[in-house]
1. Could you list the chymotrypsin sites (Phe, Trp or Tyr not before Pro) in segment 74-145 that lie in coil according to DSSP, counting only those with at most 12 other Cβ atoms within 10 Å of their Cβ?
2. Within segment 52-133, which GluC sites (Glu not before Pro) sit in a loop by DSSP and count at most 10 neighbouring Cβ atoms inside 10 Å?
3. Sticking with the crude label model, points 7 Å out along Cα→Cβ, report the distance from residue 122 to residue 81 in nm, one decimal please.
4. Take the Cα coordinates of segment 59-144, assign each an equal point scatterer, and use the Debye formula without solvent to give log10 I(q)/I(0) at q = 0.10, 0.11, 0.18, 0.22 Å⁻¹.
5. Provide 139, 132, 105 in ascending order of the number of other Cβ atoms located within 10 Å of each residue's Cβ, fewest first.
6. What do you get for trypsin sites (Lys or Arg not before Pro) in segment 82-115 restricted to DSSP loop and a cutoff of at most 14 other Cβ within 10 Å of the site's Cβ?
7. Which distance in nm do the two modelled labels at residue 45 and residue 133 give, with both placed 7 Å along the Cα-to-Cβ direction?
Amino acid sequence: MHIVSQSHPSRDRGNKIPLSKLRGNNHLALLHVSKVLKALSLPKVRFYRSLKKERPMAKVVVSLKIFPSDVNIKLDALKRKIEKTLPKYASVYKFAEEPIAYGLTALIAHIVVPEEKSGGLDEVERLLRGITEISEMETLLVRRV
């Protein structure tokens, strides 16, 4: 075992010190290598994802408060219509209902859009505004997940 000092490279160069005498100090332990290996075998190393594949971008969740145009509109039918209207890259994470007043219930839609899709959120809002059963829409929250 060879020791090379980090603070004084000229001192202690080439002195052999057994591994048992090493203490927690500022020295680096360098093992003598007789030949250079072209391939390295690592049998106990596991990779949890591909090294060459790029990691996907994050997704954006937008929470929209959707007000139906009439009290008599069935919210289940409106939910199905919203899901059908969304573009292929967007999906509904979940729906929630919020009572407003006098029997009117707002629908809160949590919609997932990929972050790398530029203008994706604007297109989702534009398509949802085209549904006749929706009178008004309000963006509550936009967050990255």
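1. Sparse-neighbourhood loop chymotrypsin sites (Phe, Trp or Tyr not before Pro): 102.
2. 54
3. 2.6
4. Treating every Cα as an identical point scatterer, log10 I(q)/I(0) equals -0.22, -0.27, -0.71, -1.04.
5. 132, 139, 105
6. When the trypsin sites (Lys or Arg not before Pro) of segment 82-115 are filtered for loop state and at most 14 Cβ neighbours within 10 Å, 88 remain.
7. 5.6
Every read-out reported here was derived from the displayed coordinates using simple, explicitly stated rules and does not represent laboratory data. These figures come from a predicted structure and were not determined experimentally. So basically every Cβ, Gly included, is an ideal-geometry build from the backbone, and we count neighbours across all protein chains shown.
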